[in-house]
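K.L.:
A single structure is presented below for examination.
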Amino acid sequence: MTPSDALPAAAIAAATAHLRDVLAIALDHTPERRALVVFDTRTALARALVDAYRANLPDATFIDFDTVVSDHVLATFRTLAPQDLVVLVQSTNFRLDGFRLRVELFKLGLKVIEHVHLSRMPGAQGEHYIEALAYDPAYFRSVGHALKARIDGARRAEVHGGGDVLVFDSPLEPAKLNVGDYRSMNNVGGQFPIGEVFTEAQDLETVSGRAQVHVFGDTSYLVNRPESPITLIVDKGRVVGTENATPAFQEVLDIIRRDEGEVWVRELGFGMNRAFTRERRVDDIGTYERMCGIHLSLGAKHGVYAKPGFKRKDARYHIDVFVVTDAVFLDDERVYADGTWTVRE
């Protein structure tokens, strides 16, 4: 009997096709290597992904996380060899007694595909999530590397949206890629769906101007979309005011100010996943982060880029906010127009 909340057969077929490309192209997984899929069946989306992996990995070991003790899972990880594959399909996120799943698996030299917080994307959102798994290397790799090249060489950047402009009036940090191209990276894999290039200003105090927030991550790590965009007013890298702020957004700012003293603008994220747009969303903020457009982070925390005066122990918050984006300029080159990135290698 099929559960009443099951995703349509067409969605499962799409997941199977998309994950076939992810496995073969992005992860470079071959049948000669072992594969382990650790999963749960608590949600329709999790069950659909497991069906897709069963079709693509017929010789893999499958472990239902809810039917075994954690020691069994940990022991199975340690039977794998470097370059073997682990897939994690999690309706929430698996807890294994302090074992930081992806980090520890990478330390073992394993390739990792992580699907997490699937319970936050019910119904049709599951189909949006599956669409976002589509892997087009000609797009992700070409545009991703082209953006990195432009970012790394730029002296300044501007984000235009809704008549407002946010200026990054300094060179940017060397960009990091999340485009399914692991050929020059120590770790292979990560959280899926993918599609992002990110950086931040080398000098955070050169960030100033205004930006209109159409979605932000709330205190429950969920996508929160106000009825009308909230305007951020930024001066010397800090949020110094807002217009049209909702109580939920004000709560986020208040918490950051309470614990960090002020609200810094740090990450400048270039989302690339064309399955997500301003109108086509999923509720999990970590998944929606790949949305095709610009997102920023609020708060002092950014583990990738160390900055003088920012102590890791004191930096607590990294809250994603998604800004209305009509155009993005790196120096004098417009790299975003009409909802898409316009650069190529």
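The values are calculated or read from the model by the stated rules, or taken from the named source; none is laboratory data. On a predicted model such as this, the values are computed, not experimentally measured, just so you know. All Cβ positions, glycine included, derive from the backbone under ideal geometry; neighbour counts span all protein chains shown. For accessibility, only protein heavy atoms count, side chains too; no ligands or nucleic acids. Shrake-Rupley method; radii C 1.70, N 1.55, O 1.52, S 1.80 Å.
K.L.:
Stretched out fully, how many nm does the piece from ARG334 to ALA24 gain, at 0.36 nm a residue minus the Cα gap?
P.N.:
108.2 nm
K.L.:
On to the next question. Whole number in Å², please: accessible area per residue of the chain, 1.4 Å probe, ligands, DNA and RNA not counted.
P.N.:
43
K.L.:
Also, quick follow-up: Are there trypsin sites (Lys or Arg not before Pro) in region 47-130 that DSSP puts in a loop and that have at most 11 other Cβ atoms within 10 Å, and which ones?
P.N.:
Loop-located and lightly packed - ARG78, ARG95, ARG100.
K.L.:
While we're here: Once fully extended, how much extra length lies between ASP235 and ARG280, figured as 0.36 nm per residue of separation less the alpha-carbon to alpha-carbon distance?
P.N.:
13.1 nm
K.L.:
Report, in degrees rounded to the nearest 10, the 0 to 90 angle that the Cα long axis of helix 137-153 makes with the longest principal axis of the chain.
P.N.:
30
K.L.:
Turning to a different aspect of this structure: How much mean residue ellipticity at 222 nm does the chain get from its helices, if each DSSP H run of length 4 or more adds -39500 (n - 2.57) and you divide by all residues, to the nearest 500 deg cm²/dmol?
P.N.:
-7500 deg cm²/dmol
K.L.:
How large is ³J(HN,Hα), in whole Hz, for each residue of region 72-87 in order, when computed from phi with the Karplus curve 6.51 cos²θ - 1.76 cosθ + 1.60 and θ = phi - 60°, using x for Gly and Pro?
P.N.:
5, 5, 4, 5, 5, 3, 7, 7, 7, 9, x, 6, 6, 10, 10, 10
K.L.:
Largest first, how would HIS72, HIS318, HIS295, HIS29 line up by accessible area (1.4 Å probe)?
P.N.:
Final ranking, largest accessible area leading: HIS72, HIS318, HIS29, HIS295.
K.L.:
Could you give the nm distance between label points at GLU251 and ALA306, where each point is 7 Å from its Cα heading toward the beta carbon?
P.N.:
A separation of 3.6 nm, rounded to one decimal place.
K.L.:
Here is a follow-up. Have a look at region 204-324 and give its Rg and Dmax from the Cα atoms, expressed in angstrom.
P.N.:
Considering region 204-324 through its Cα atoms, Rg and Dmax are 13.5, 39 Å.
K.L.:
Give the Rg (one decimal place) followed by the Dmax (whole number) of region 146-217, computed from C-alpha coordinates and expressed in Å.
P.N.:
When restricted to Cα atoms, region 146-217 yields Rg and Dmax of 14.4, 42 Å.
K.L.:
Quick one: length gained pulling ASP314 to ASP59 fully straight, 0.36 nm per residue minus the C-alpha distance?
P.N.:
87.1 nm
K.L.:
Could you tell me the calculated FRET efficiency between ARG100 and GLU262, based on Cβ-Cβ distance and R0 = 41 angstrom, to the nearest 0.05?
P.N.:
Taking R0 as 41 Å, the efficiency between ARG100 and GLU262 is 0.85.
K.L.:
Using a 1.4 Å probe on the protein chains only, how many percent of the accessible area of the chain belongs to carbon and sulfur?
P.N.:
Here it works out to 48 percent.
K.L.:
Just ASP97, ASP284, ASP203 to compare: in a GNM of the chain, with alpha carbon springs under 10 Å, which one fluctuates most?
P.N.:
ASP97
K.L.:
Continuing with the same structure: Within region 276-317, which residues have the backbone N less than 17 Å from the label spot 7 Å out from GLU227 along Cα→beta-carbon, could you tell me?
P.N.:
Correct set: none at all.
K.L.:
Taking only the C-alpha atoms, wrap a convex hull around region 173-248 and report its volume per residue in Å³ as a whole number.
P.N.:
129
K.L.:
Additional query: Compare VAL335, VAL323, VAL73 in a GNM of the chain, Cα atoms joined below 10 Å, and give the one with the largest fluctuation.
P.N.:
Comparing VAL335, VAL323, VAL73 in the GNM, the peak value goes to VAL73.
K.L.:
Next up: Between helix 247-260 and the chain, what is the angle of the helix's C-alpha long axis to the longest principal axis, kept within 0 to 90° and rounded to the nearest 10?
P.N.:
Helix 247-260 and the main axis of the chain meet at about 80 degrees.
K.L.:
Pairing the Cα long axis of helix 9-21 with the longest principal axis of the chain, what angle in degrees results, from 0 to 90 and rounded to the nearest 10?
P.N.:
Roughly 80 degrees, rounded to the nearest 10.
K.L.:
Still on this structure, I have one more. Region 181-228 to region 248-276: how many Å between their Cα centroids?
P.N.:
Between the Cα centre of region 181-228 and that of region 248-276, the gap is 9 Å.
K.L.:
Might you work out the accessible area of TRP264 for me, using a 1.4 Å probe with all protein chains in place, and round it to the nearest 10 Å²?
P.N.:
Counting only protein heavy atoms, TRP264 exposes about 30 Å² to solvent.
K.L.:
Could you tell me which trypsin sites (Lys or Arg not before Pro) in region 243-326 are loop residues by DSSP with no more than 11 other beta carbons within 10 angstrom of their beta carbon?
P.N.:
When the trypsin sites (Lys or Arg not before Pro) of region 243-326 are filtered for loop state and at most 11 Cβ neighbours within 10 Å, LYS311, ARG312, LYS313 remain.
K.L.:
Taking one equal scatterer on every alpha-carbon of region 1-99, how large is log10 of I(q)/I(0) by Debye at q = 0.13, 0.14, 0.15, 0.25 1/Å?
P.N.:
Debye curve over Cα of region 1-99, log10 I(q)/I(0) at q = 0.13, 0.14, 0.15, 0.25 Å⁻¹: -0.48, -0.56, -0.64, -1.41.
K.L.:
Under a point spin-label approximation (7 Å from Cα along Cα-to-Cβ), what is the ARG344-ASN93 distance to one decimal in nm?
P.N.:
With each label point 7 Å from Cα toward Cβ, the separation is 3.8 nm.
K.L.:
Bin by bin, in steps of 20 Å, what percent of the Cα pairs in the chain do you find, going until the bin that has the longest distance?
P.N.:
30, 57, 13
K.L.:
Kirkwood hydrodynamic radius of region 88-186 from all distinct Cα pairs, in Å?
P.N.:
In region 88-186 this quantity evaluates to 17.1 Å.
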